[in-house]
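Accompanying notes for the structure given below.
Derivation of every value follows stated rules applied to the coordinates shown; laboratory data play no part. Since this is a predicted model, take the numbers as computed values, not measurements. Reconstructed Cβ throughout: ideal geometry from the backbone, glycine too, with neighbour counts over all protein chains shown.
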Amino acid sequence: MRDAWVSGAGAFMAGGMRRLNRSRGVVLRLGPEVNPLDETGRPVDGTLMPLRFVFVMDPLSSINIEGDSTFVLMLEAQKRGHEVLSAQPPALRLEAGTPWCDVVPTAVVRTKGAHYTLGASTSVCLNDVDAVFMRKDPPIDLNYLTATYLLDRVDRSRVVMINDPQGLRDFNEKLAALYWPEFMPPTMIASSPASLRRFLNTHGTIVVKPLYGSGGAGIVKLTTEDDNFGSVVDLLTQEGRVAIEAQAYLPSVKEGDKRVVLLDGEPIGAVNRRPSKGDIRANMHVGGAAEPSPVTDRDREICAALKPELVRRGLVFAGIDIIGGYLTEVNVTSPTGLQEIGRFEARSLESEIIDWVERRRSAL
């Protein structure tokens, strides 16, 4: 039997609770009414049974509520009356092969400096919740990888995973783009300074970046006249021991680095990020400026090529980076862009994502 105590955000703040008995196919609320479910798993009166969402993420105190995508996903889930629970990766554990997590009931509001309220920590079996959102930001270190192994034990036949932990582990955001070299600029993965020097000599100007970094950290533009080539490559490769990515420099990056957001392999919006003067990095937290951008035919061509692999790996929520029509990265760990696109297009992409989760949960 899968009994669970569930509180929506309003119920959490007011102390009210609802009990769900999924094994019986009914919703039991405080009061005499009992709502049977239809064949989709929804109450026949048209209301949606409240769901339990666990967000594995960075500390709530660290997020930027004006740009963070996890924040608006939590807001949207809360608005619909779903129970929002948050946790950090160290709260995950396995007991006799069963995944558990110490979670905190969480209410969020769009108020800077006071954007969340936490309840009392409690332990839940992750097989008894409805969806797990793995939203921990990189780096992809041993702690991150361990979290994906623990989340691997969640029963996918009962719980919606966004994104699938094995897919996250196997799908390096920079290496994965190499599945589709026909859409990429010339790219090399290497640790050998000599190999990287040959690549530079071939293309004249290149961009080098760590394979496991994020947010633009460690990205450097190099030219054949650059006296710092040796020191930069030694630093990034740890003197030839660690592979890095090198790509031919795309001058069109000055016009922006487009982020296209995909839901279950389909593009649902895009935003252009223009670098600040004197920088090649378009990441918004290092000074890049967001601009409205349509999803073009070229973008759709790239998305269509990626879709089968993303769907197969359970990478439901992804963000691809495109510069001058070339695919440069496939972001799946903790994609951003929902708020920026929403502001430009007067749409709620987070609503579309939660819609998808509700449909998928009803189908399980």
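Observations, loosely collected:
- Dimensions (Å) - the stretch 186-249, Cα atoms, principal axes, largest first: 25, 22, 20
- Residue order, fewest to most surrounding Cβ atoms within 10 angstrom, among GLU352, GLU83: GLU352, GLU83
- Label-point gap, in nm, between THR146 and LYS112 - each point 7 angstrom along Cα→Cβ: 3.7
- Sites matching trypsin sites (Lys or Arg not before Pro) across the stretch 241-284 that sit in DSSP coil, with at most 12 neighbouring C-beta atoms within 10 Å: ARG241, LYS277
- Model label sites at SER252 and ASN228, defined 7 Å from Cα along the beta-carbon direction, differ in position by 2.8 nm.
- Solution diffusion estimate, µm²/s, Stokes-Einstein, the chain, Kirkwood Rh from C-alpha pairs, 20 °C, viscosity 1.002 mPa s: 98
- The string of couplings for the stretch 354-360 from the Karplus curve (6.51, -1.76, 1.60, θ = phi - 60°) is 5, 3, 4, 4, 4, 5, 5 Hz, one whole number per residue in order, with x for Gly and Pro.
- Taking each residue as 0.36 nm, the span from SER191 to GLU352 lengthens on full extension beyond its C-alpha to C-alpha distance by 53.8 nm.
- Across q = 0.10, 0.12, 0.25 Å⁻¹, the stretch 280-364 modelled as identical point scatterers on its alpha-carbon atoms has Debye log10 I(q)/I(0) values of -0.30, -0.43, -1.55, in the order of the q list.
- In this entry, the stretch 171-310 is assigned a mean projected area of 8.7 nm², taken as a quarter of its C-alpha convex hull surface.
- Length gained on full extension, LYS221 to ARG343, computed as 0.36 nm times the residue gap minus the Cα-Cα distance: 40.7 nm.
- Relative to the longest principal axis of the Cα atoms of the chain, the long axis of helix 297-312 lies at roughly 60 degrees.
- Seen from a random direction on average, the alpha-carbon convex hull of the stretch 73-231 projects onto 13.6 square nanometres.
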